[in-house]
Amino acid sequence: MNNINITQMQISLEKSLVKNLMVQNHYERYRSMGDDIMKSIQDKTCPGNDFLGWVDLPSTLKTEQLDRINEVAGNLRKISDVVVVIGIGGSYLGARAVIESQKSTFNKDGCEVVYAGHHLSPGYLTELSKYLKDKKWSIIVISKSGTTTEPAIAFRYLRNELLARFGETALKERVVAITDKSKGALRKLADANDLQSFVIPDDVGGRFSVFTPVGLLPIAVAGFDVYKLIEGARKMEKQIWSDTNENIALDYAAIRNVLYQNGNTTEVLVNYHHKFHYVAEWWKQLFGESEGKDGKGVFPASVDLTTDLHSMGQYIQDGKRNLFETVVKFQNTNAVDESIGHDDENLDNLNYLEGKTMGFVNKNAMEGTMLAHNSGGVPNLMLKIQNDEIDNIGGLFYFFMITCAISGLMLQVNPFNQPGVEDYKRNMFALLQKPGFEGRYKELQILRKELNF
Ligand code: PA5
């Protein structure tokens with residue numbers, strides 16, 4: 001296997017620290033399934049074929065659709081210091097990942113985006129409402145089903161706060177709902193209150209929805225260029241579908257499956273970039289919810305390095321040998337690369353690094369760590385990305401989504417459903433005594449007695 005490094009590619013895959021730990025003929029077997037799988041996605045004959053609307057979304061999105069998103073975002077930005085994005089799972093992680101990858105870590109100038117409805121922890125909404133007290137603020141509420149409990153509770157709370165603060169006109173001016181075209185409580189609420197709204201296409205599931213208004217509106221509100229994001233995704237879409245022989249998504253999906261068969265059942269996504277944390281959170285949801293079913297699936301984990309070398313490094317180097325790592329490396333970033341200065345006394349013994357940049361130190365930490373982990377029996381893949389600008393982030397998201405679909409199909413699961421998520425909801429509703437769940441409530445009382453729980 002040679003490394004693929006095509007110049008027009010935004011992403012390349014470096015495999016030299018995997019080969020020695022991978023069974024080659026297994027690779028050929030998975031790789032040879034690739035063309036049929038790609039065809040089944042393209043022809044819409046694969047399992048979950050009613051959820052393939054994201055596959056050609058970048059190339060089919062119309063400029064007018066992006067214009068409308070930008071216009072609504074611009075209006076919200078004019079009247080808001082802060083926009084609260086309410087949503088959970090696929091209805092917020094993509095937007096948050098892109099925004100956090102682009103925004104300044106410390107500077108809060110412009111319109112700030114904060115999040116709600118992504119958990120049920122008491123105290124959060126009170127703290128948020130105190131934070132919003134003297135600010136001008138608005139809401140984007142996102143739920144495809146329109147019935148998810150966490151965002152519904154947050155929306156009820158914040159809607160009342162918004163009405164109390166800005167009066168009756170606030171709902172029309174300061175709320176945008178993104179939901180199904182006709183189904184669900186949020187659609188009913190939006191129509192009844194004449195809210196501004198966007199529709200989530202039927203054939204795009206939550207974790208694949210970053211290129212719909214679900215991701216695009218919050219990203220535009222945060223001040224980032226959605227045209228450029230889509231341009232990057234479009235470029236990657238073209239790349240993936242134009243040359244299947246050198247298709248890095250097929251390659252990455254095949255390697256994941258070989259490693260999984262080898263017993264490397266946990267994939268750790270590794271980054272050395274302080275703005276990548278939420279991309280990894282989005283990635284974990286994408287792969288976890290898509291592949292983890294029918295008793296199968298690579299468990300997706302992530303670490304931020306070098307930070308986590310001081311917490312998880314020991315385990316990765318020396319713990320149970322069921323891991324492989326995928327290291328994400330940005331070839332360039334826009335960051336100012338500070339140099340290490342001189343100190344006459346050299347009490348910290350750092351003069352050997354004088355004149356060297358942080359980027360240089362980071363790169364050597366990365367390479368040293370990859371070699372050490374590989375020697376410790378952890379296969380290390382590397383995804384090289386040109387830079388961390390928004391178009392390349394768009395390309396990276398498309399790449400991960402298509403890889404995830406291919407990889408799930410190689411594993412012979414339906415990557416586009418999430419039947420397991422319903423089980424906790426059923427129990428939660430029963431315990432909360434929601435009408436309609438009386439039978440399950442009784443079953444749970446018996447189970448609790450048996451388990452003494
Ligand atoms: O990817 C998915 O489908 C899920 O993570 C959903 O996005 C999440 O459960 C939220 O659902 P909804 O958008 O219906 O509120």
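The values are calculated or read from the model by the stated rules, or taken from the named source; none is laboratory data. Small disclaimer: the values here were computed from a predicted structure and weren't measured. We place every Cβ from the backbone using ideal geometry, glycine too, and count neighbours over all the protein chains shown. In case anyone asks, the SASA skips ligands and DNA or RNA and just uses the protein heavy atoms, side chains included. Shrake-Rupley method; radii C 1.70, N 1.55, O 1.52, S 1.80 Å.
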Query raised in the report: Restricting attention to the range 54-61, does a residue exist that is under 24 Å from ALA152 (Cβ atoms) and buried (at least 23 other Cβ atoms within 10 Å of the Cβ)?
Result: no
Requested in this report: Please specify each residue of the range 128-158 satisfying the condition of being away from the ligand (no atom under 11 Å from the Cβ) and open to solvent by 40 Å² or more (accessible area, probe 1.4 Å).
Outcome: LYS130, TYR131, LYS133, ASP134, LYS135, LYS136, ILE153, ARG156, TYR157
Report task. Give me a count of the residues in the range 374-398 that are over 13 Å from PHE211 (Cβ atoms) and open to solvent by less than 10 Å² (accessible area, probe 1.4 Å). Result -> 7
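Within the range 176-212, track down each residue that is among the small types (Gly, Ala, Ser) and closer than 30 Å to ARG234 by Cα.
Just the residues of the range 176-212 that are among the small types (Gly, Ala, Ser), to begin with: 177, 182, 184-185, 190, 192, 197, 205-206, 209.
Those that are among the small types (Gly, Ala, Ser) and closer than 30 Å to ARG234 by Cα: ALA177, SER182, SER197, GLY205, GLY206, SER209.
With the requirement that a residue be over 32 Å from the mean Cα position of the chain (by Cα) and assigned to a helix (DSSP H, G or I), what does the range 325-372 give you? Before you say what the answer is, go through the steps one by one.
Taking the range 325-372 first, the residues over 32 Å from the mean Cα position of the chain (by Cα) are 339-356.
ASN351, TYR352, LEU353, listed by residue number.
Quick check on LYS425: is it touching a residue at least 60 places away in the same chain (Cβ under 8 Å) and within 16 Å of the ligand (Cβ to nearest atom)?
Numbers: touching a residue at least 60 places away in the same chain (Cβ under 8 Å): yes; within 16 Å of the ligand (Cβ to nearest atom): yes.
Considered against the rule, which asks whether it is touching a residue at least 60 places away in the same chain (Cβ under 8 Å) and within 16 Å of the ligand (Cβ to nearest atom), LYS425 comes out as yes.
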Requested in this report: Report yes if GLU168 is at pLDDT below 95, away from the ligand (no atom under 16 Å from the Cβ) and open to solvent by 20 Å² or more (accessible area, probe 1.4 Å), otherwise no.
Outcome: yes
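For the structure I just gave you, tell me whether ASN25 is without any contact (Cβ under 8 Å) to a residue 12 or more places away in the chain and surrounded by 13 or more Cβ atoms within 10 Å (Cβ to Cβ).
Details: without any contact (Cβ under 8 Å) to a residue 12 or more places away in the chain: yes; surrounded by 13 or more Cβ atoms within 10 Å (Cβ to Cβ): no.
No: the conditions fail for ASN25.
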Requested in this report: Please give the number of the condition ASN351 fails out of (1) open to solvent by 50 Å² or more (accessible area, probe 1.4 Å); (2) free of Cβ contacts under 8 Å to residues at least 12 places away in the same chain.
Outcome: (1)
Query - Neighbours by Cβ (under 6 Å, 6+ apart or cross-chain): first from the range 195-215, closer than 12 Å to ILE142 by Cα; second part of a loop (DSSP other than H, G, I, E, B) and more than 10 Å from the ligand (Cβ to nearest atom) - result: VAL199/LYS181; ILE200/THR212
